[in-house]
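No value in this document is a laboratory result; all are computed from the given coordinates. Just so it is clear, the model here is predicted, and its values are computed rather than measured. Backbone-built Cβ (ideal geometry, glycine too); neighbour counts: all protein chains shown.
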Amino acid sequence: MKAGRSALPLPRYTIHKPLKGGWGYFFNVPTWARKKGCTVPNEPLGTDYAMAVQRAEKVLLPAFDSWRTGGDDANHVGIGMLMGTLDWMFHEYRKTWSQPSAKRLKGLSPGQCRVHETGIKMICEYQMQDGRRLGTRRVSSIDTAFVEDLFVKLLFKDVKGEKIERRTTVNHAMKTARSAWNTVSRAQPGMFPAKNPFEKMGLQSTSRETPFATFAELQVFRSKGVEMGYQSIATGALIGWEFLQREHHIYTAFKAEHYRPDKNPGHVHVVNPKTNQGDWTPLFNRKGEPLYPELMAELDAMKALRPTGGLMLRRDGSARPWATKGEMLTHFARVVKTIIRAAGLRDELTFTSFRHGGATEAGTSGLSDREMMVKGQWTSAKVLKNYVHKNDEMHINAHEKRQANELKSEHLSE
């Protein structure tokens, strides 16, 4: 039956069309605005008059007016967002990043937020076959088959006609979606299917192993860093080697108060913001001799210039910190790479290589997994394996220890 004439008022740029069984409502951005690059999309509003009017008046028109007047709101995630969509889910998830929880004593670090944002953008901005953003799709329509297909489509990026795999980035995106789904569904269970489609995906990490530096390479790097005027980078590399500390923690969280404070002059507090933990590490042995004489001399000199606040500065006691807005270490990474190349070292080395090298050297020296976990503040032996790289010396030591045990067993049996 043909729909009768409708006399109900409609918001601006909202039209109605007769459909089978009633009227359908649509929001259409004017052609002149589309030609000028309007970012607000055309959108079907369904067949419910009240819901269509509310969507147009409360969400789409404010977004359009914001774009028209040059406001920034039209580009924000919250604009044009419909409750129950992926956009909405991630918007709600963001609210939890700065909130304490039972597992997280404080909010996420800026680095963790950036990783999540990269994953959210990758998923929500993916363009579906009908031209719409994936972020506009309702969570109730997402199932495991869809997620598996999405993973395959995101895995490779076309760069000048060449397919480049980005497995690590896509893995992080799937983990972000999994965490967001679990977090938001607890507060809004009625919006979500019973099963999280991002769970149990069997994600496989890239086979690329982080290159680890040798002690000789550490020495060459440090020497060149000092020569180029970057004492804090040279010292930081030794901190990473000795204390197995991450670069982000060294240059954003390590302060003068952590090194030989008046109340604890024989220790250094090795901070670990990633796990919200820290540990006071002794600097002297039982005889009162320094355990890290070279490193301690350098840190003593730094603290003399900067007795309070951040210890690892760009040049001297009055210089700026390495971390910029949002605790970014982009410039720091560029300088490190410049030093590596100037020193003639392997180009694949990074600052992280010195931490991995220190962990590998410690493992080669015979430290147990438990001792390694305490030293590096790792929470499990599984995580530890990512840092202790196997080399020839480790294989030789393992074989010699096995032979020694076999000989010992033979003597005991005689």
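Inter-label distance, residue 204 to residue 264: 4.4 nm, where each label sits 7 Å from its Cα along the C-beta direction. Note on the stretch 6-63: the C-alpha convex hull projects to 4.0 nm² when averaged across all orientations. In order along the stretch 114-119, the phi-based Karplus estimate (6.51 cos²θ - 1.76 cosθ + 1.60, θ = phi - 60°) of 3J(HN,Hα) comes to 5, 4, 5, 5, 4, x Hz; Gly and Pro are listed as x. Given a Förster radius of 51 Å and the C-beta distance between residue 128 and residue 330 as r, what FRET efficiency does 1/(1 + (r/R0)^6) yield to the nearest 0.05? After rounding, the FRET efficiency stands at 0.95.
For residue 140 and residue 289 in the same chain, what is the full-extension length gain: residue separation times 0.36 nm, less their Cα-Cα distance, in nm? Working shown, then result.
Values: separation 149, 0.36 × 149 = 53.64 nm, distance 6.45 nm.
Between residue 140 and residue 289, full extension yields an extra 47.2 nm.
Ranked by the mean number of other Cβ atoms within 10 Å of their residues, highest first, the peptides 347-360, 41-54, 249-262 come out as 347-360, 249-262, 41-54.
Hey, with R₀ at 41 Å, roughly what FRET efficiency would residue 114 and residue 54 work out to, going by the Cβ-Cβ distance, to 0.05?
On the way: r = 35 Å, r/R0 = 0.85.
That pair, residue 114 with residue 54, gives E of 0.70.
Set the Förster distance to 56 Å, then compute FRET efficiency between residue 228 and residue 15 from the Cβ-Cβ distance, nearest 0.05.
Details: r = 66 Å, r/R0 = 1.18.
With a Förster radius of 56 Å, E is 0.25.
Show me the GluC sites (Glu not before Pro) within the stretch 165-229 that DSSP assigns to loop and that have at most 15 other Cβ atoms within 10 Å of their Cβ. When the GluC sites (Glu not before Pro) of the stretch 165-229 are filtered for loop state and at most 15 Cβ neighbours within 10 Å, 199, 209 remain. Taking θ as phi - 60° and the Karplus parameters 6.51, -1.76 and 1.60, the scalar couplings of the stretch 22-32 work out to x, 9, x, 10, 9, 9, 10, 5, x, 4, 4 Hz in sequence order, x denoting glycine and proline.
Which whole number in µm²/s is D for the stretch 130-180 by Stokes-Einstein, with the Kirkwood Rh taken over Cα pairs at 4 °C and 1.567 mPa s? Don't skip to the answer; put the middle values down first.
Working: Rh = 12.3 Å.
Result for D is 105 µm²/s.
Listed values for the stretch 293-308 are Karplus-derived 3J(HN,Hα) couplings in whole Hz (6.51 cos²θ - 1.76 cosθ + 1.60, θ = phi - 60°), namely x, 5, 5, 5, 4, 5, 5, 4, 5, 5, 5, 5, 7, 9, x, 9, and x replaces Gly and Pro. Relative protection proxy for 238-248, 294-304, 184-194, from highest mean packing down: 238-248, 294-304, 184-194 (other beta-carbon atoms within 10 angstrom).
Segment residue 166..residue 33, full-extension length gain: 44.3 nm, with 0.36 nm per residue of separation and the alpha-carbon distance subtracted.
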